[in-house]
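> Please see the structure below; I have some questions.
The values are calculated or read from the model by the stated rules, or taken from the named source; none is laboratory data. Predicted model only: the values in this text are computed from it and were never measured. Please note: Cβ atoms are built from the backbone with ideal geometry, for glycine as well, and neighbour counts cover all protein chains shown. These area figures cover heavy atoms from the full protein model, side chains too; ligands, DNA and RNA do not enter into them. Shrake-Rupley method; radii C 1.70, N 1.55, O 1.52, S 1.80 Å.
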Amino acid sequence: MNTIKNLNFHFVKKSGNKKTGYMPVTYNSRTTCPDSCIFKNNGCYASAGFHTRLNWDKVTNKERGGTFKELLNNISSLKPGTIWRACVAGDIPANNKGAISRTYINGIIKANQDLKGYSYTHHELNIGHNIQYLKKANNQGFTINVSCETEDQADNVIKNNLPAVLVVKSTETRNAWTTKNGNKVLVCLAQTSDKTCIDCKLCQERPSPNNKLIIAFKSHGNQAKKIDKILDDLNK
């Protein structure tokens with residue numbers, strides 16, 4: 001992975017994404033995506049969506065966006081109480097061993113003061129200080145959900161007192177259920193109702209050592225069949 005100073009970041013003050021609603025979002029360079037993500041170059045929604053992919057490529061090629069310092073300044077300028085989404089495309093910067101960047105975590109935590117930022121990560125928990133930094137972010141108001149592909153993975157994330165999200169097959173008919181460890185799974189309300197992320201806020205507000213709700217996202221779009229097969233293979 002590249003160092004923070006070599007990466008490019010893009011801040012969008014008002015996204016037109018129908019799922020998130022009109023909220024601020026950010027993009028990180030493609031090189032921030034870890035190899036531990038099973039969907040990297042293989043079903044990634046950010047690569048599949050035309051407009052998202054186009055913007056992401058421009059950010060990665062430094063045709064759009066700017067430095068980490070500029071990103072932090074843009075975030076800090078938001079009105080107190082604003083909910084915003086980090087890493088619509090891309091992940092938390094990390095070194096070549098997969099250890100996430102302390103500079104990024106500390107910078108985002110500070111910029112997010114009095115705001116309601118949230119994100120997702122596919123970085124592995126058991127590398128370097130990853131668990132420690134993820135907990136620090138969550139405990140200080142910047143929510144980082146750990147992305148999972150199996151219920152066992154999600155249960156393990158909950159054991160580590162971190163918020164978990166889970167991708168499930170497009171054919172999933174349940175809207176809510178319980179894992180074998182007793183953790184409740186709820187399908188994203190943007191997929192089961194007319195709510196947007198701004199309306200729901202569960203991915204941002206729920207983290208707590210005592211809150212064990214797992215948010216599930218059904219595979220969708222033109223990558224759904226590919227993702228369904230990946231999930232089938234994982235559960236064989």
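> Taking the condition of being outside any helix (DSSP H, G or I), of a type in the set (S, T, Y) and within 19 Å of Y104 (Cβ to Cβ), how many residues in segment 67-84 meet it?
Number satisfying all stated conditions: 2.
> Could you run through segment 32-66 and say how many residues are open to solvent by 50 Å² or more (accessible area, probe 1.4 Å), among the hydrophobic types (A, V, I, L, M, F, W, C) and assigned to a helix (DSSP H, G or I)?
Within segment 32-66, residues that are open to solvent by 50 Å² or more (accessible area, probe 1.4 Å), among the hydrophobic types (A, V, I, L, M, F, W, C) and assigned to a helix (DSSP H, G or I) number 2.
> Now for a different question. Just for strands (runs of 3 or more DSSP E) wholly inside segment 127-183: which have at least 1 residues that are surrounded by fewer than 16 Cβ atoms within 10 Å (Cβ to Cβ)?
176-178
> Please work out which residue is modelled with the highest pLDDT, limiting yourself to segment 1-39 and to residues that are within 16 Å of H220 (Cα to Cα) and not β-branched (V, I, T).
F39
> Restricting attention to segment 91-126, which residues are assigned to a loop (DSSP other than H, G, I, E, B) and either closer than 20 Å to Y22 by Cα or without any contact (Cβ under 8 Å) to a residue 60 or more places away in the chain (or both)?
Correct list: K97, A99, N112, Q113, D114, L115, L125, N126.
> So, in segment 201-212, of the ones that are on the phi < 0 side of the Ramachandran plot and modelled with pLDDT of 90 or more, which residue ends up most open to solvent (accessible area, probe 1.4 Å)?
Selected residue: L202.
> While we're looking at this one, here's another question. Are any residues in segment 184-200 buried (at least 16 other Cβ atoms within 10 Å of the Cβ) and either over 18 Å from the mean Cα position of the chain (by Cα) or assigned to a loop (DSSP other than H, G, I, E, B) (or both), and if so, which ones?
Once the filter is applied, which keeps residues that are buried (at least 16 other Cβ atoms within 10 Å of the Cβ) and either over 18 Å from the mean Cα position of the chain (by Cα) or assigned to a loop (DSSP other than H, G, I, E, B) (or both), segment 184-200 yields C188, K195, T196.
> Same structure again: Would you pick out the residues in segment 84-112 that are surrounded by fewer than 18 Cβ atoms within 10 Å (Cβ to Cβ) and within 20 Å of T60 (Cα to Cα)?
N95, N96, G98, T103
> Here's a follow-up. If we keep just the residues of segment 7-31 that are of a type in the set (S, T, N, Q) and open to solvent by 20 Å² or more (accessible area, probe 1.4 Å), which is farthest from F68 (Cα to Cα)?
Step by step, filter segment 7-31, then rank; the result is N17.
> Turning to a different aspect of this structure: Does G81 count as open to solvent by 20 Å² or more (accessible area, probe 1.4 Å), at pLDDT below 95, of a type outside the set (D, E) and over 16 Å from T26 (Cβ atoms)?
no
> Could you grab me the full set of residues in segment 213-236 that are over 18 Å from R53 (Cβ atoms) and surrounded by 15 or more Cβ atoms within 10 Å (Cβ to Cβ)?
Answer for segment 213-236, where residues must be over 18 Å from R53 (Cβ atoms) and surrounded by 15 or more Cβ atoms within 10 Å (Cβ to Cβ): L213, I214, I215, A216, F217, K218, D228, I230, L231.
> So, one more: Report yes if some residue within segment 48-67 is under 15 Å from the mean Cα position of the chain (by Cα), small (G, A, S) and under 25 Å from Q153 (Cβ atoms); otherwise report no.
Scanning segment 48-67 turns up no residue that is under 15 Å from the mean Cα position of the chain (by Cα), small (G, A, S) and under 25 Å from Q153 (Cβ atoms).
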